[in-house]
Amino acid sequence: MVAAEGQRQELTAASPRVALRSLDTLWFQVAGTLCNLACSHCFISCSPTNRTHEHMSLEQVRTYLEEGVRLGVKEYYFTGGEPFLNPQMEEILEAALACGPATVLSNGLLLDVERCRRLKALSEASDYSLDLRISLDGYDAESNDPIRGEGTFERILKGAVNAEEAGLTPVMTVTEVLQENATQQGRQRFLALLEARGIARPRLKILPVFQLGAEAERSGAYAEWQRLASTDEGEDGPGAESWEHLQCSSCRMVTDQGVWVCPILINEPTGRMGERLTDTLDSFPLDHPACWTCHVHGVSCKT
Amino acid sequence: MSQRIPEDEVDKEQRARRDVAVDKLTAHRGMATWGERLVPLGEFRQAAQGYGRQLDAAARQQQEANFLEPQADGVRVEGPFSKIAVFGGVYNNSYALEALLEDARRRGAEAVYCLGDFGGFGPHPEKVWPLLRQGEVRCIQGNYEASLSSGREDCNCGYADPRDNHFAKISYDYTATRCSPEYKRWMGTHPLRRRVRVGDHELLLVHGSPRQINEFLFASAASTPYLEVLLNEERCDGMLCTHSGLHWHRRLPSGRHAVNVGVIGRPANDGATHVWYSLLTDGGAAGLSVELAPLVYDHQSLAQDMRDEDLPQEFVETILTGWWTTCLEILPAKERARSKF
Ligand code: SF4
Ligand code: SF4
């Protein structure tokens, strides 16, 4: 352990640091790593038994919302696991929507008619947008279910239809492991599916193929050279400002375990930056292999 | 597709898949994922608590103050005026620009400001240039001007959706090939931000946001605390922007103003064919008055020119109906719910 720690410190010292330019996006790992699914491609391995991070309480969330307001957060994102597994999720959203716009990343399974109706009421009570993002992994059960689980394709679509009928205009994201999705044809096919199910004005986000590439790299072994060095150039040349294309230059992630640099590194203890948001306003060393992926592929988790 | 798999093979495959699934569902009992490894939960938690800081109250206050400290941009303040007109997003719409200059003059604007994006979407880019010059319009660069004057290959509009990018490219290529090198150079001569005084209110003029030239500021997606912090940082009494295409005005709890002046290049996705700009007037003791002004122009002639130039039918439809047919993916839920397509 000691040797490993020494190595890490060397590595950290050799890594470029990204400054927090402004805190635009505040993430909440509101359901922790607990999920009612266990998708094969889940990059933080969520499942019904994964308690690496646990549900956040309304009180915990409030503390960070208050800090977020003082620090000028522009928008709030809620993810998990599955956010609607959190029994206080609707109160949490109500509190967030008093502070700014909120986006929920959901797998759609818990979006029954009643819940969608309540979410619509929450959204109407606020001047800010409540955006729902629902993920699918294919155009049919054959492509989706092996990844997300048996029978999930139909259940996800049912949730999406409920959301649409309640007037929530959900954003559907497709992350299928097929290149086809990024093409005009793939898009048409997906739109046709949604329209056939009664989603008249589908909002569609097709996650670009590089994220899948990123996924593959994340699960595979990284080579030594796949790390950022302080001599590497950012987008506009060397120096702190040049890392502004990385989401960690304008976001933080809160879990029940504290504040982390970004949504990607919550399974790395070194990604933890502090207890309160104000503990985490300093720069962060880009010393994790995932940072290389972010830099090269331009990964961003928000809509 | 119709390749037959023997029955017992199917069974075996299904069973294997189910085993993997059950494994995944229960693997984390008492364990945590640390990078690629499974470790006992306590080990992860302890390691995590060892990282990060826990500052005391005084240090937190100091951190927060440093983080929010105002930045001086050294930009000279123009004015003071008692009334100005501000618009953005011309998108090659010379008909609307003509109507705007006329309307602003009639309504007593002492200065006229353009927040950028002269080109894109509409026909005959070069027609806009003499109007801007003769009208003595004080301009800043939008992402279009920044891209065209630097020879960039795309408009840097900031769309994420492939269809939106497809149409954005048509617009940009059309505009780029029809602007003279002189016009493009002229675009690059404008500053990226301006400051102007109306009465004793100092206003900051930017294209997307003070932080980013192509940031979309929609009413339902820009929190009030965010806007207050921006205005503190920039030390101004009001911030005027465009870029997103939808106009809005918010009087902040501090009494200051955030305004998206809208665009005059295409209608505001509300089923009406007119476009929008803003008038800012010093009201003396009553403070600053912000008016979002509708602007009617000859949209039929614009549509005809667009058809003659073979611009996409989708664009023409927007001009004639007032409903957007593209750029819909960037809209937040509330703005999207109000749109037709
Ligand atoms: S639904 Fe999302 S959080 Fe849950 S396992 Fe699948 S990818 Fe992970
Ligand atoms: S993983 Fe990406 S977002 Fe997270 S710290 Fe590294 S570069 Fe930043």
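The values are calculated or read from the model by the stated rules, or taken from the named source; none is laboratory data. As the structure is a computational prediction, the values presented were derived from the model and not from experiment. Please note: Cβ atoms are built from the backbone with ideal geometry, for glycine as well, and neighbour counts cover all protein chains shown. Just the protein is used for accessible areas: all its heavy atoms, side chains included, with ligands, DNA and RNA removed. Shrake-Rupley method; radii C 1.70, N 1.55, O 1.52, S 1.80 Å.
What pairs come out if I take residues in segment A:242-263 that are at positive phi and pair them with residues that are open to solvent by less than 10 Å² (accessible area, probe 1.4 Å) and among the hydrophobic types (A, V, I, L, M, F, W, C) whose C-beta lies under 9 Å away, six or more apart or interchain?
A:258/B:48
Applying the selection to segment A:274-293, what residues are open to solvent by less than 20 Å² (accessible area, probe 1.4 Å), within 10 Å of ligand 2 (Cβ to nearest atom) and not polar (S, T, N, Q)?
Residues satisfying the conditions are A:284, A:285, A:286, A:287, A:289, A:290, A:291.
Which numbered condition in (1) touching a residue at least 24 places away in the same chain (Cβ under 8 Å); (2) of a type in the set (Asp, Glu); (3) surrounded by fewer than 11 Cβ atoms within 10 Å (Cβ to Cβ) is the only one that residue B:78 fails?
Every condition holds for residue B:78 apart from (3).
At least 1 residues that are of a type outside the set (Phe, Trp, Tyr), touching a Pro at 6+ places or on another chain (Cβ under 7 Å) and at pLDDT 55 or above in each: list the helices (runs of 4 or more DSSP H) lying fully within segment A:144-227 that qualify. Walk me through how you get there before you give the answer.
Values: elements: A:152-165, A:184-196, A:209-219.
The helices (runs of 4 or more DSSP H) meeting that bar are A:152-165, A:184-196.
Name the residue, out of A:59, A:90, A:82, that is of a type in the set (D, E, K, R), over 29 Å from residue A:244 (Cα atoms) and open to solvent by less than 20 Å² (accessible area, probe 1.4 Å).
Going through A:59, A:90, A:82 in turn, the sole match is A:82.
Within segment A:114-125, identify whether any single residue is open to solvent by less than 40 Å² (accessible area, probe 1.4 Å) and either assigned to a loop (DSSP other than H, G, I, E, B) or closer than 17 Å to residue A:205 by Cβ (or both), and answer yes or no.
The answer is no; no qualifying residue exists.
State which residue pairs qualify: first residue touching a residue at least 40 places away in the same chain (Cβ under 8 Å) and inside segment A:140-163, second residue polar (S, T, N, Q) in any location, beta carbons under 7 Å apart, and separation of 6 or more residues or different chains.
A:147/A:40; A:152/A:144; A:156/A:107
Out of all the residues in segment A:248-281, which are within 8 Å of chain B (Cβ to nearest Cβ) and of a type in the set (D, E, K, R)?
Passing the criteria: A:268, A:272, A:275, A:276, A:279.
Report whether or not residue B:268 is more than 14 Å from chain A (Cβ to nearest Cβ), under 21 Å from residue B:206 (Cα atoms), touching a residue at least 24 places away in the same chain (Cβ under 8 Å) and among the small types (Gly, Ala, Ser). Spell out how you get there, then give the answer.
On the way: more than 14 Å from chain A (Cβ to nearest Cβ): yes; under 21 Å from residue B:206 (Cα atoms): yes; touching a residue at least 24 places away in the same chain (Cβ under 8 Å): yes; among the small types (Gly, Ala, Ser): yes.
Criteria met by residue B:268.
Considering only residues that are over 19 Å from residue B:202 (Cβ atoms) and open to solvent by less than 10 Å² (accessible area, probe 1.4 Å), which ones fall in segment B:243-265?
Once the filter is applied, which keeps residues that are over 19 Å from residue B:202 (Cβ atoms) and open to solvent by less than 10 Å² (accessible area, probe 1.4 Å), segment B:243-265 yields B:244, B:245, B:262, B:263, B:264, B:265.
Take residue B:167 and decide whether it is touching a Ser or Thr at 6+ places or on another chain (Cβ under 7 Å) and modelled with pLDDT of 95 or more.
no
Any residue at all in segment A:6-23 that is more than 16 Å from ligand 2 (Cβ to nearest atom), of a type in the set (A, V, I, L, M, F, W, C) and within 24 Å of residue B:252 (Cβ to Cβ)?
Scanning segment A:6-23, I find no residue that is more than 16 Å from ligand 2 (Cβ to nearest atom), of a type in the set (A, V, I, L, M, F, W, C) and within 24 Å of residue B:252 (Cβ to Cβ), so the answer is no.
When you check residue A:66 against the structure, is it in contact (Cβ under 8 Å) with a residue 60 or more places away in the chain, within 12 Å of chain B (Cβ to nearest Cβ), surrounded by fewer than 19 Cβ atoms within 10 Å (Cβ to Cβ) and away from ligand 1 (no atom under 12 Å from the Cβ), yes or no? Don't jump to the end; show me each part of the working.
Values: in contact (Cβ under 8 Å) with a residue 60 or more places away in the chain: no; within 12 Å of chain B (Cβ to nearest Cβ): yes; surrounded by fewer than 19 Cβ atoms within 10 Å (Cβ to Cβ): yes; away from ligand 1 (no atom under 12 Å from the Cβ): yes.
No: the conditions fail for residue A:66.
Looking at segment A:46-60, I want the residues that are more than 14 Å from residue B:33 (Cα to Cα) and have a partner that is open to solvent by less than 50 Å² (accessible area, probe 1.4 Å) and within 11 Å of ligand 1 (Cβ to nearest atom) with Cβ atoms under 9 Å, at least 6 apart or on another chain. Which pairs are those?
Close Cβ pairs satisfying both conditions: A:55/A:31; A:55/A:32; A:55/A:34; A:55/A:80; A:55/A:81; A:56/A:29; A:56/A:31; A:56/A:32.
Being surrounded by 19 or more Cβ atoms within 10 Å (Cβ to Cβ) and either closer than 26 Å to residue A:249 by Cβ or among the hydrophobic types (A, V, I, L, M, F, W, C) (or both) is the filter; apply it to segment B:168-185 and report the residue that is farthest from the other protein chains (Cβ to nearest Cβ).
B:179
Do any residues in segment B:46-62 that are under 15 Å from residue A:256 (Cα atoms) and more than 8 Å from chain A (Cβ to nearest Cβ) have Cβ atoms under 9 Å from those of residues that are surrounded by 15 or more Cβ atoms within 10 Å (Cβ to Cβ) and among the aromatic types (Phe, Trp, Tyr), where the two are at least six apart or on different chains, and which pairs are they?
Listed pairs, sorted by first residue: none to list.
Let me confirm something: among B:109, B:104, B:99, B:57, which residue is among the hydrophobic types (A, V, I, L, M, F, W, C) and open to solvent by 40 Å² or more (accessible area, probe 1.4 Å)?
B:57
Scan A:73, A:18 and give me the residue that is within 14 Å of another protein chain (Cβ to nearest Cβ), in contact with a Leu (Cβ under 6 Å, 6 or more places away or on another chain) and buried (at least 24 other Cβ atoms within 10 Å of the Cβ).
So the residue among A:73, A:18 that is within 14 Å of another protein chain (Cβ to nearest Cβ), in contact with a Leu (Cβ under 6 Å, 6 or more places away or on another chain) and buried (at least 24 other Cβ atoms within 10 Å of the Cβ) is A:73.
Return yes or no: is residue B:206 out of contact with any Cys (no Cβ under 9 Å at 6 or more places or on another chain), among the hydrophobic types (A, V, I, L, M, F, W, C) and under 30 Å from residue B:235 (Cβ atoms)?
The answer is no for residue B:206.
I'd like to know if segment A:21-28 contains one or more residues that are within 16 Å of ligand 1 (Cβ to nearest atom), in contact (Cβ under 8 Å) with a residue 40 or more places away in the chain and not in a loop (DSSP other than H, G, I, E, B).
Among the residues of segment A:21-28, at least one is within 16 Å of ligand 1 (Cβ to nearest atom), in contact (Cβ under 8 Å) with a residue 40 or more places away in the chain and not in a loop (DSSP other than H, G, I, E, B), which makes the answer yes.
Please go through segment A:29-63 and give me each residue that is more than 13 Å from ligand 1 (Cβ to nearest atom), among the hydroxyl-bearing types (Ser, Thr, Tyr) and within 14 Å of chain B (Cβ to nearest Cβ), ordered by number.
A:63
For segment B:323-341, indicate whether the set of residues that are within 23 Å of the chain's Cα centre (by Cα) and closer than 19 Å to residue B:97 by Cα is non-empty. Full working, then the answer.
Just the residues of segment B:323-341 that are within 23 Å of the chain's Cα centre (by Cα), to begin with: B:323-341.
Okay, now just the ones that are also closer than 19 Å to residue B:97 by Cα, so none.
No, segment B:323-341 contains no residue that is within 23 Å of the chain's Cα centre (by Cα) and closer than 19 Å to residue B:97 by Cα.
Search segment B:13-42 for residues being assigned to a helix (DSSP H, G or I) and of a type in the set (A, V, I, L, M), and hand back the single one that is modelled with the highest pLDDT.
Ranking the qualifying residues of segment B:13-42, first place goes to B:41.
Output the qualifying pairs, or none if there are none: Cβ atoms under 6 angstrom, residues six or more apart or on different chains, first residue in segment B:95-112 and assigned to a loop (DSSP other than H, G, I, E, B), second residue buried (at least 16 other Cβ atoms within 10 Å of the Cβ) and of a type outside the set (Ser, Thr, Tyr).
Listed pairs, sorted by first residue: B:108/B:83; B:109/B:83; B:109/B:84; B:109/B:85; B:110/B:81; B:110/B:83.
Within the set of pairs 6 or more residues apart or between chains, which connect a residue that is under 13 Å from residue B:335 (Cβ atoms) inside segment A:119-138 to a residue that is hydrophobic (A, V, I, L, M, F, W, C) and surrounded by fewer than 23 Cβ atoms within 10 Å (Cβ to Cβ) with Cβ atoms less than 6 Å apart?
Qualifying pairs under 6 Å: A:128/A:97.
Does residue B:272 satisfy the criteria of being more than 30 Å from residue B:177 (Cα to Cα), assigned to a loop (DSSP other than H, G, I, E, B) and at pLDDT 95 or above?
yes
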